[in-house]
Amino acid sequence: MREYAADWNGNPQVHSGHTAARSQCQGRRNGAAAEGASLSVHDGEEKEIVGAGGAGGDSFGQTVSASERMAAENSQRAADSEIDRIILDRVACREFSNRVVPQHTIVEILRVARFAPSGANIQPWNIYALTGGPQERLSAALLDAHCNERAKHVSEYKYYSDVLPPPYRERRQEFGRIFYGSLGIHSGDAEARARQTAKNYVFFGAPVGLIVTIDRRLEAGSWLDLGMFVQNVLLAAAGRGLHSCPQETFAKYHTILRQHLSIPDEQMVVCGISIGYSDGGVSLRSMPRADIGEFAHFIGFES
Ligand SMILES: Cc1cc2nc3c(=O)[nH]c(=O)nc-3n(C[C@H](O)[C@H](O)[C@H](O)COP(=O)(O)O)c2cc1C
């Protein structure tokens, strides 16, 4: 699949961010990695995935056949509108090069992204954009916390419900098989998962990191608006040949982010977004999607 496994097997071509993430947590043996209380699927300590078994299972509740998947891939290739192409080409990138992304590019992305729709046009998004020294200092603090005091930190909001009903549970298990399988990380290897999680905190080596916050006095509807804005950021980046990764992992360390970025008390940290140029290894989608028959109901259409 991708070169992730090679990284963990000692590929010398990992860039500095990853090296930092790896060395920071090296030598920890069955410590906080095993004890960590995080429930995040990206934290490498997700019990349901750990118990999910080996690779090779059918995708998403066995409803997406190989031929359906192939048809979807063909339809991807056939996408003829620019926006379709950008949506279909965007994938979560976790291997960035250190190629600089200038401030004006980030400004352009945000200028476009702000045209996301929002209920009553309240535009509930806030962004902290980081690069260079401030980004490095933040990453160092986050890595330190991740390696040494993980259990002390908890997100201010819950991303996943404790008990995922079908088909979500199966989808999450599928994610775990594909994601950790592609990295060559065994389901029971908590230390390797913690090292992978550490890469989140160096923005996977991306030269720009965004931290996304929302006013805690707003309700769920505003989070819907925020999601649309975040997607716009990802797509506007993709339209400029950039790669990105949205990351909820940052929410766990909101106290550190608050301190480094002077985030006001009424703002809640929702997620981060790494933005940069791919290290070359990405860009094929590895995560499948359920067929539309699984989520769409057509009523009143003539067949
Ligand atoms: C709100 C949100 C938070 C996410 N958080 C993380 C994260 O913390 N770390 C990570 O590696 N990926 C994270 N992802 C990426 C997802 O794992 C990814 O989007 C999903 O597996 C589908 O893959 P694709 O984006 O390549 O199609 C997040 C995605 C979203 C939308």
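Things worth noting here:
- Scan of segment 247-280 for residues that are out of contact with any Cys (no Cβ under 9 Å at 6 or more places or on another chain) and among the small types (Gly, Ala, Ser), ordered by number: Ser262, Gly280
- Single condition Ile83 does not satisfy, out of (1) surrounded by 12 or more Cβ atoms within 10 Å (Cβ to Cβ); (2) part of a helix (DSSP H, G or I): (1)
- Residues (surrounded by 10 or more Cβ atoms within 10 Å (Cβ to Cβ) and either within 12 Å of the ligand (Cβ to nearest atom) or part of a loop (DSSP other than H, G, I, E, B) (or both)) located in segment 285-303: Arg285, Ser286, Met287, Pro288, Arg289, Ala290, Asp291
- Apart from one condition, Leu242 fits all of (1) within 29 Å of Pro167 (Cα to Cα); (2) of a type outside the set (Asp, Glu); (3) away from the ligand (no atom under 14 Å from the Cβ); (4) touching a Gly at 6+ places or on another chain (Cβ under 7 Å); the exception is (1).
- When Val202, Val208 are checked against the criterion of being under 21 Å from Val91 (Cα atoms), within 15 Å of the ligand (Cβ to nearest atom), surrounded by 14 or more Cβ atoms within 10 Å (Cβ to Cβ) and touching a residue at least 24 places away in the same chain (Cβ under 8 Å), Val202 stands alone in meeting it.
- Filter result (within 29 Å of Ser81 (Cβ to Cβ) and surrounded by 17 or more Cβ atoms within 10 Å (Cβ to Cβ)) within segment 240-267: Leu242, His243, Ser244, Cys245, Pro246, Gln247
- Number of residues in segment 249-284 that are assigned to a helix (DSSP H, G or I) and either touching a residue at least 24 places away in the same chain (Cβ under 8 Å) or not charged (D, E, K, R) (or both) equals 12.
- Of all residues in segment 125-151, exactly one satisfies the criterion of being within 20 Å of the chain's Cα centre (by Cα) and of a type in the set (Asp, Glu), namely Glu136.
- Of the residues making up segment 200-224, those that are under 14 Å from the mean Cα position of the chain (by Cα) and part of a helix (DSSP H, G or I) are Asn200, Tyr201, Phe203, Phe204, Gly205.
Each reported figure results from applying straightforward, stated rules to the coordinates on display, with no laboratory input. Predicted model only: the values in this text are computed from it and were never measured. When we count neighbours, we look across all protein chains shown, and the Cβ atoms used for this are built from the backbone with ideal geometry, even at glycine.
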